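What follows is a single structure, written as structure tokens, with notes after it.
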Amino acid sequence: MFAPLKNDTFLRALQRQKVEYTPVWLMRQAGRYLAEYNATRAKAGSFLGLAKNPEFACEVTLQPIDRYPLDAAILFSDILMIPDAMGLGLEFVAGEGPQFKHPLRTASDIAKLAVPDMNDLRYVFDAVTLIRKELNGRVPLIGFAGSPWTISCYMIEGQGSKEYRTIKTMMYAQPELLKQVLSIAAQSTALYLNEQIKAGAQAVMIFDSWGGVLANGKYQEFSLHYIKQVVDNLIRTHNGEKVPAIVFTKGGGLWVDEIANIGCDAVGLDWTMSLTKARRLTGDKVAFQGNIDPMALFGSEQAIRQEVRRVIDDFGPVKDGGHVFNLGHGISQFTPPENVAYLIDEVHQYSKTMHL
């Protein structure tokens with residue numbers, strides 16, 4: 001059904017197999033820093049108009065691949081598509097970001113919550129299949145979802161938050177109620193990622209964007225436990241090919257050894273964690289993805305190349321490890337596009353010294 005893969009460096013690195021150089025892709029690589037993305041978004045009329053139209057989603061997914069020699073494409077979508085399909089009324093408010101009309105605030109709200117019908121998310125799976133066809137084997141396609149904790153933050157707070165007061169109040173005052181939400185979110189997320197895999201995703205990533213706001217102990221109980229439930233229920237081989245799973249907790253470097261033990265193939269790290277230390281703590285049990293500060297892309301060409309080398313040196317000789325170069329979080333919309341080209345070029349050229 002799909003063309004043979006011409007560049008499988010990303011997939012092999014995730015599996016800690018021998019590669020000639022460190023592969024690179026960027027979180028939020030299809031986004032507002034690209035003029036072509038903004039033009040397509042204007043055609044779509046809104047963010048949801050873009051994300052819910054498979055042709056538009058395909059177009060913007062391919063834009064950074066057409067522009068740069070990246071080693072993977074990532075589905076253009078949003079982590080909030082699952083709660084949207086649950087009927088919580090997702091809307092994107094200009095200048096304020098995503099908001100839900102029907103947040104989960106009471107036991108009766110939560111009693112009505114159910115795993116959504118995956119047919120209500122068909123537009124996502126149709127986009128995955130279309131992107132795979134249009135990629136024509138150039139690079140692998142990554143599918144993704146938010147972690148149960150992260151999407152629950154939005155479902156309960158009703159929007160983004162600085163304090164997470166509503167969900168943390170529930171966590172401390174009514175923990176079993178919150179666990180009902182997390183359990184349904186975990187079941188939904190596993191189903192959703194598996195449908196992406198069946199549609200053509202060749203690796204999957206779980207974004208635990210807000211796991212780092214939890215206290216030690218609470219992270220394990222309310223985030224990692226449910227990420228493990230997702231990982232345990234993922235399709236790991238499809239059509240004879242292994243489907244690697246990446247878990248990224250922003251602010252999660254403290255727990256890198258625990259994340260590495262849940263059965264994922266790779267752990268994503270933000271810029272606060274040393275790759276040397278992460279390898280030492282895990283004994284190269286998993287591959288790592290990351291972890292340059294996205295703000296480094298606002299430096300001079302020389303500074304960007306120097307910072308790329310620092311990250312690659314921090315990982316060190318690859319040997320039995322695996323490294324996928326990435327940002328420590330999403331790319332800023334204000335990033336100069338030419339600076340991305342410097343970063344990718346330096347990763348590809350300099351990293352060859354670590355793969356001898």
| field | Of the criteria (1) in contact with a helix residue (DSSP H, G or I) (Cβ under 6 Å, 6 or more places away or on another chain); (2) part of a helix (DSSP H, G or I); (3) open to solvent by less than 10 Å² (accessible area, probe 1.4 Å), which one Q180 fails | value | (3)
| Got a number for residues in region 90-129 being more than 25 Å from L177 (Cβ to Cβ), free of Cβ contacts under 8 Å to residues at least 24 places away in the same chain and among the acidic types (D, E)? | 0
| helices (runs of 4 or more DSSP H) wholly in region 1-94 with at least 2 residues that are at pLDDT below 95 and surrounded by fewer than 19 Cβ atoms within 10 Å (Cβ to Cβ) - which ones? | 47-51
| task | Scan N136, N119 and give me the residue that is closer than 15 Å to D84 by Cα, of a type outside the set (G, A, S), open to solvent by 10 Å² or more (accessible area, probe 1.4 Å) and modelled with pLDDT of 95 or more. | result | N119
| Can you find even one residue in region 169-184 that is in contact with a Pro (Cβ under 6 Å, 6 or more places away or on another chain) and polar (S, T, N, Q)? | no
| query | For region 305-314, does any single residue satisfy the condition of being under 30 Å from K218 (Cβ atoms) and either open to solvent by 20 Å² or more (accessible area, probe 1.4 Å) or in contact with a Lys or Arg (Cβ under 9 Å, 6 or more places away or on another chain) (or both)? | reply | yes
| message | Exactly one condition in (1) outside any helix (DSSP H, G or I); (2) open to solvent by 10 Å² or more (accessible area, probe 1.4 Å); (3) closer than 20 Å to A72 by Cβ is false for N216; which is it? | response | (3)
| task | Kindly indicate the residue of region 297-327 that is in a helix (DSSP H, G or I) and basic (K, R) and also farthest from L14 (Cα to Cα) among those meeting that condition. | result | R305
| said: Based on this model, can you work out whether K242 counts as touching a residue at least 60 places away in the same chain (Cβ under 8 Å) and open to solvent by 30 Å² or more (accessible area, probe 1.4 Å)? | reply: yes
| So which residues in region 328-340 are assigned to a helix (DSSP H, G or I) and open to solvent by less than 40 Å² (accessible area, probe 1.4 Å), if there are any at all? | P337, N339, V340
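The values are calculated or read from the model by the stated rules, or taken from the named source; none is laboratory data. Since the structure is predicted, the reported quantities are computational estimates derived from the model, not experimental observations. Positions of Cβ are backbone-derived with ideal geometry, glycine not excepted, and every protein chain shown enters the neighbour counts. Surface accessibility is based on the protein's heavy atoms, side chains included, excluding ligands, DNA and RNA. Shrake-Rupley method; radii C 1.70, N 1.55, O 1.52, S 1.80 Å.
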